[in-house]
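**Student:** Okay, here's the structure, questions in a sec.
The values are calculated or read from the model by the stated rules, or taken from the named source; none is laboratory data. Predicted model only: the values in this text are computed from it and were never measured. Cβ coordinates were reconstructed from backbone atoms using ideal geometry, including for glycine residues, and neighbour counts include every protein chain displayed.
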């Protein structure tokens, strides 16, 4: 099987279900941004981190492929079986956050992103996740989106924030609190 089909040369692509749409469609933007997020999480996994966090990130990447499949399906024409996103997937993110958060100092203000390249990449992934969520919210206002997709993306951005804090603690990187000028 060749990776190229030449079917997209005129700016159209196929959804799962066979419908051809413009590559500029919001649905394409949504699952393309999920793919960008998935790739960024793959980059984060390349850093020297705990095996537990690596396994969590692999699980997250798998769920992002599930979300991408859901978004790439024509909600009216696709009869193809795709993986399901489950409520337990959202709850798992919450459990992981609760576990990490239990060992972190209480958060009393916003924290400036960064302090170390690894932490900076986690915060960029969090921002890509938030952008993905915004795009999917807009898609949901016009077309069908499976309800758990939004919940998962919302929780995932929170997970990435907590992971960044946890990695800062593990690397002994001081978090810098934002102190607004008044």
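**Student:** Can you tell me which residue within segment 13-26, out of those that are closer than 14 Å to residue 75 by Cα and in contact with a strand residue (DSSP E or B) (Cβ under 7 Å, 6 or more places away or on another chain), is surrounded by the fewest Cβ atoms within 10 Å (Cβ to Cβ)?
**Tutor:** Going through the qualifying residues, I end up with 20.
**Student:** Separate question: Does any residue of segment 96-114 turn out to be exposed (fewer than 15 other Cβ atoms within 10 Å of the Cβ), within 17 Å of the chain's Cα centre (by Cα) and more than 22 Å from residue 174 (Cβ to Cβ)?
**Tutor:** no
**Student:** State yes or no: is residue 44 crowded, with 17+ Cβ neighbours inside 10 Å, touching a residue at least 24 places away in the same chain (Cβ under 8 Å), farther than 15 Å from residue 146 by Cα and touching a helix residue (DSSP H, G or I) at 6+ places or on another chain (Cβ under 8 Å)?
**Tutor:** Yes, satisfied.
**Student:** Let me ask something else about it. Please identify the pairs in which a residue from segment 81-98 that is free of Cβ contacts under 8 Å to residues at least 24 places away in the same chain has its Cβ atom under 7 Å from the Cβ atom of a residue that is exposed (fewer than 12 other Cβ atoms within 10 Å of the Cβ) and in a helix (DSSP H, G or I), counting only partners at least 6 apart or on another chain.
**Tutor:** Listed pairs, sorted by first residue: none to list.
**Student:** Looking at segment 71-90, which of the residues that are in a helix (DSSP H, G or I) and either more than 13 Å from residue 153 (Cα to Cα) or under 14 Å from the mean Cα position of the chain (by Cα) (or both) is modelled with the lowest pLDDT? Break it down into steps so the answer makes sense when it comes.
**Tutor:** Here is the first cut: in segment 71-90, the residues in a helix (DSSP H, G or I) are 71, 87-90.
Cutting the leftovers down to either more than 13 Å from residue 153 (Cα to Cα) or under 14 Å from the mean Cα position of the chain (by Cα) (or both) gives us 71, 88-90.
On the way: 71: 91, 88: 97, 89: 97, 90: 98.
Looking at residues that are in a helix (DSSP H, G or I) and either more than 13 Å from residue 153 (Cα to Cα) or under 14 Å from the mean Cα position of the chain (by Cα) (or both), I get 71.
**Student:** Given the residues 164, 115, which is the only one that is on the phi > 0 side of the Ramachandran plot and out of contact with any strand residue (DSSP E or B) (no Cβ under 8 Å at 6 or more places or on another chain)? Let's see the steps before the verdict.
**Tutor:** Working: 164 fails: on the phi > 0 side of the Ramachandran plot.
On inspection, the qualifying residue turns out to be 115.
**Student:** Can you name every residue in segment 68-90 that is under 16 Å from residue 25 (Cα atoms), in contact with a helix residue (DSSP H, G or I) (Cβ under 6 Å, 6 or more places away or on another chain) and surrounded by fewer than 17 Cβ atoms within 10 Å (Cβ to Cβ)?
**Tutor:** none
**Student:** From the list 30, 53, which residue is assigned to a helix (DSSP H, G or I) and either within 17 Å of residue 135 (Cα to Cα) or without any contact (Cβ under 8 Å) to a residue 60 or more places away in the chain (or both)?
**Tutor:** 30
**Student:** Restricting attention to segment 142-181, and to residues there that are over 13 Å from the mean Cα position of the chain (by Cα) and without any contact (Cβ under 8 Å) to a residue 40 or more places away in the chain, which single residue is surrounded by the most Cβ atoms within 10 Å (Cβ to Cβ)?
**Tutor:** Taking the candidates together, the pick is 147.
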